[in-house]
Amino acid sequence: MLEESLYYFNRAADVLDLSETYRKVLQTPVRTVKVEVVTESDSGELLSHIGYRVQHNQARGPMKGGLRFHPTLNEEHATALAGLMTWKTAVVNMPFGGAKGGINCDPAKLSLPELDAITRRFVEGVKDIIGPAVDILAPDVNTNSRVMAWIMDEYSKYHGFSPGVVTGKPLDLFGSEGREEATGRGVLICLEQALADNGQNLDGVSVALQGFGNVGSHAARLIAERGGIVVAVADHLGGVERSDGLDVPELVTYANEHGTVTGFRGGSAFDGPEVITWNADVLIPAALGNVITKDNAGDVRAAIVIEAANGPTTPEGHEILQRRGVTVVPDILANAGGVTVSYFEWAQNIQRFRWDHQRVTQELEKIMLEAYGAVRGVAKEHKVDLRTAAFVLGIRRVARAALARRTFRNPPAIG
Ligand code: NAD
């Protein structure tokens, strides 16, 4: 993960002609914290976990990023993800830096009271280095609005009422309207822009999706509402296809009831991984990382790939898609709708104010369109692909902000 994000970082840093030293400055986190999380199990046994918070960059504002619960989480992984948050918040021009963290626990083996205790013990360990003006946490792998509510509650014990310390909270506890569908809506906006660049609109365009969770299901629903034809959907158990279009609202209802799209009667079953090379105009990976690789990128049939998941394409896969002329809208732009509405949630929290769904949607659309336009502009200016352009835009914004905050005798050049 660190290797892949470094690869993309360095390609953009070459375009910007950044010196080796300044690259190192921009890559190095401002602070990495590792805390021991000792709690008790329901039966009174001692539980020991390690929590991480990597605060990557704060040149453009308080740091922002998810908190995940995963047994394999380590410092290197958290560092790579924190860096990506820095570039992502800059691409959508949020007044935030980037961070990431988590606890190396396996929530499948823990009860809710055990998870609650682990979360609170972690907050106790980081309470003085997070906060609405310093570092704002959010849901990530295996964490959700309930965990965010625990964090807000625990942090507020030390610092007073502080809803702005986390986003992705329940609506009953100062969460934002429109947050749940935000990433899917951002995916829709990016897809419509990519089509518009080819003089097309969504009408009759066929779409295949990998992943039908929060991001995939909302993206599919919104795409179908705008005239797109969702011809194939796969999840962790398998896929379902229908060449004249699946009934997406029915599939959403089915998947919510059964926890999978497999077994849905409104289409035929297929082997899940085949979705990557499906015969469709558009491919939307919305599940896992590293699914478009050197082994299958040559067989991708879609002309447009919208990266809803984080890191779905390996560097080798990326190069093959570029050579074949496939338009790839990169993750740090395509899935930035989530962090954008997280910003709206934070802004509402610190103003003690609420926006309705319509306002959230309008503001999200404005920001995503601006970001897409800016990335498209950099791609044209430097004659590079959209991924390199998004990294160039993000890194350039961060590098310029960082330089504007201090006076150096020999300021590093930014191309
Ligand atoms: P989710 O847990 O709600 O859904 C994940 C989906 O992926 C499920 O349908 C699951 O069945 C499917 N999946 C899991 N393993 C699979 C496999 N081996 N093959 C095919 N499908 C598989 O997660 P989500 O919130 O929808 O996130 C999806 C992706 O989007 C992740 O990469 C996440 O990091 C990224 N992302 C999410 C958000 C957000 O706001 N939720 C924001 C930015 C990026």
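With only the Cα atoms considered, the chain has a convex hull volume of 141 Å³ per residue. Surface composition of the chain: carbon and sulfur make up 47 percent of the accessible area, probe 1.4 Å.
Note on S48: accessible area is roughly 90 Å² with a 1.4 Å probe, heavy atoms of protein only. Per-residue SASA remark: T253, around 80 Å² accessible (1.4 Å probe; ligands, DNA and RNA not included).
Take 317-326, 354-363 and order them by the average number of nearby Cβ atoms within 10 Å per residue, most first; the result is 317-326, 354-363.
With both residues required to sit in the chain, DSSP beta bridges show an antiparallel share near 50%. Remark: segment 274-415 carries 44 Å² of accessible area per residue (probe radius 1.4 Å; ligands, DNA and RNA excluded). At a probe radius of 1.4 angstrom, the accessible area of segment 147-263 per residue rounds to 39 square angstrom.
DSSP assigns beta bridges within segment 29-161; of those with both partners inside it, close to 65 percent run antiparallel. Note on the chain: with a GNM built from Cα contacts shorter than 10 Å, the maximum mean-square fluctuation among E365, E257, E316 falls on E257. Charge dipole (Cα centre; +1 on Lys/Arg Cβ, -1 on Asp/Glu Cβ; no other charges) of segment 149-227 amounts to roughly 120 debye.
Got a sec? Charge dipole of the chain, +1 on Cβ for Lys and Arg, -1 for Asp and Glu; which of V215, A336, I118 is way out at the positive end? Among V215, A336, I118, the one farthest towards the positive end of the dipole of the chain is A336. In the assembled protein chains, T21 presents an accessible area of approximately 100 Å² (probe radius 1.4 Å).
The length gained on full extension between E36 and K109, counted as 0.36 nm times the residue separation minus their Cα-Cα distance, comes to 24.4 nm.
Each label was represented as a point 7 Å from its Cα along the Cα-to-Cβ direction; for N290 and K383 these points are 3.5 nm apart. Once backbone amide H atoms are built at 1.01 Å from N, S206 has I229, D281, V282 as its partners under 5 Å, excluding neighbours fewer than 5 places away on the same chain.
On full extension, the segment bounded by A269 and H159 gains 34.3 nm, given 0.36 nm per residue less the C-alpha separation.
Can you put W87, W278 in order of accessible area, largest first, using a 1.4 Å probe?
So the residues, ranked largest to smallest area, are W278, W87.
Using a simple spin-label model with pseudo-atoms 7 Å out from Cα toward Cβ, S43 and R323 lie 5.6 nm apart. Here the label points at L403 and A133, each 7 Å from Cα along the C-beta direction, are separated by 2.9 nm in the simple model.
Relative to the current alpha-carbon distance between N144 and L6, full extension at 0.36 nm per residue lengthens the span by 46.8 nm.
The values are calculated or read from the model by the stated rules, or taken from the named source; none is laboratory data. Nothing here was measured: the structure is a model prediction, and the numbers come from that model. Please note: Cβ atoms are built from the backbone with ideal geometry, for glycine as well, and neighbour counts cover all protein chains shown. Just so you know, the surface numbers come from the protein's heavy atoms only, side chains and all, with ligands and any DNA or RNA stripped out. Shrake-Rupley method; radii C 1.70, N 1.55, O 1.52, S 1.80 Å.
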